[in-house]
Each structure stands twice: as C-alpha cells, then as structure tokens.
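Please read the structure below before turning to the comments.
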Amino acid sequence: MKSLIACALAMILFLAALPSRANAPDPAYEQTRDWVVATITESAGYTIDSAAMTYRDVSMDSCQLRFTTLTTASSGYTDTATFSISLDSLNSVLWGAAMEPARGYVLFTTVTPISFSKQNVARITGRQPQAMTSSTNVAALEFGKPGSDGAETARHMRAALLRASSLCSVQLASK
C-alpha cells in the first residue's frame with residue numbers, strides 16, 4: 001500500500017513539474033506568420049489522378065495573406081490563381097477532411113472582398129491564355145501531400161488563422 005501511495009505521489013509531482021501550456025504565452029504575430037507561411041509552403045497541395053495542385057509565393061505581411069495556387073494536368077492544362085486576403089476581415093474559418101484524394105481543408109470567408117486573379121493556359125495550338133481579375137469572399141487551403149496528416153494540419157491552420165485575424169484586428173484598431 002505504501003508503494004502505491006508513493007507511486008501516486010511521484011506521478012502527481014511529475015505531472016505538476018511539467019510545463020503548463022495554460023501558462024504559456026500565445027504566439028505573437030511574427031511566430032504565427034512564420035508557421036502559417038512555412039506550413040502552406042511545405043504541406044499545402046495534393047495530387048489526384050493526373051493533376052496536381054501546389055501552392056507557391058506564400059507570404060503574410062502587414063496582415064495580408066497572399067498565395068498562388070498552381071493546378072497542372074498531364075494534358076497540358078495549367079490554372080494559376082492568386083489570392084490576397086485581409087486577415088482582419090476574416091468572418092468564419094472552418095476546417096474539415098475530404099476524400100479522393102484524402103486531404104484536410106480550411107475554408108474561410110471574409111467581410112471585405114478577397115482579391116483574386118486567375119489565368120488558364122491550355123496547350124492547344126492557336127488558343128490564347130485566358131486571364132481574369134475579380135473578387136470573392138470565400139477561399140480555401142487544402143493539405144494532402146503524401147506522408148502528412150492533412151486533417152490535423154488543417155485544424156492547426158484554422159487556429160493559426162484565427163489567431164492572426166485577432167492580432168490583426170487589434171493591431172489595425174490601435175492605429
């Protein structure tokens with residue numbers, strides 16, 4: 001009985017000595033930005049059949065998240081879309097998992113429009129590239145690279161975007 005009590009007491013002391021996340025400070029904007037940019041650059045994208053979607057030119061400065069998606073197909077079709085999102089205008093941020101292919105996603109809406117430009121290029125003789133610039137209030141990030149847990153990454157990305165949005169709202173309100 002004494003050994004059981006001693007073991008329980010040792011376990012309580014061990015757990016009490018562990019660093020508490022409850023007392024850890026929330027990450028600053030710079031830390032959040034670095035994680036968001038690195039995670040999108042390294043983990044966003046997926047491959048399905050003979051098409052691949054990748055993310056490039058990712059940045060998050062002055063409370064603006066910017067990225068370009070590049071979708072390519074073996075048939076020669078290329079679709080490039082560039083997004084610029086004001087983080088202080090995020091309205092809702094959802095995350096989830098999709099199949100075929102397995103991937104996690106973050107879907108977000110904004111109060112102010114998201115700048116969106118798109119260019120389609122097809123390898124058909126005589127066909128000119130098509131380009132358009134528009135705005136939208138909905139955008140998404142998708143995480144499905146092999147060897148990663150896309151749903152878990154999406155869950156963490158949702159939290160990071162909400163954190164960045166909160167920090168940006170406070171930062172812009174104080175100016």
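The values are calculated or read from the model by the stated rules, or taken from the named source; none is laboratory data. These numbers were taken from a predicted model, which means no experiment stands behind them. Methodologically, a virtual Cβ is constructed for each residue, glycine included, from the backbone with ideal geometry; neighbour enumeration extends over all protein chains shown.
Just give me the residues in region 48-64 being loosely packed, with under 14 Cβ neighbours inside 10 Å and at negative phi, in sequence order. Even if it seems obvious, please write down each step before you answer.
At the first step, the residues of region 48-64 found to be loosely packed, with under 14 Cβ neighbours inside 10 Å are 48-50, 57, 61-62.
The answer is ILE48, SER50, ASP61.
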Quick one: in region 7-46, of everything that is closer than 17 Å to ALA140 by Cα and surrounded by fewer than 15 Cβ atoms within 10 Å (Cβ to Cβ), which residue is modelled with the lowest pLDDT? GLU42
Considering only region 125-154, state which residues are surrounded by 10 or more Cβ atoms within 10 Å (Cβ to Cβ), modelled with pLDDT under 80 and not in a strand (DSSP E or B). ARG127, PRO129
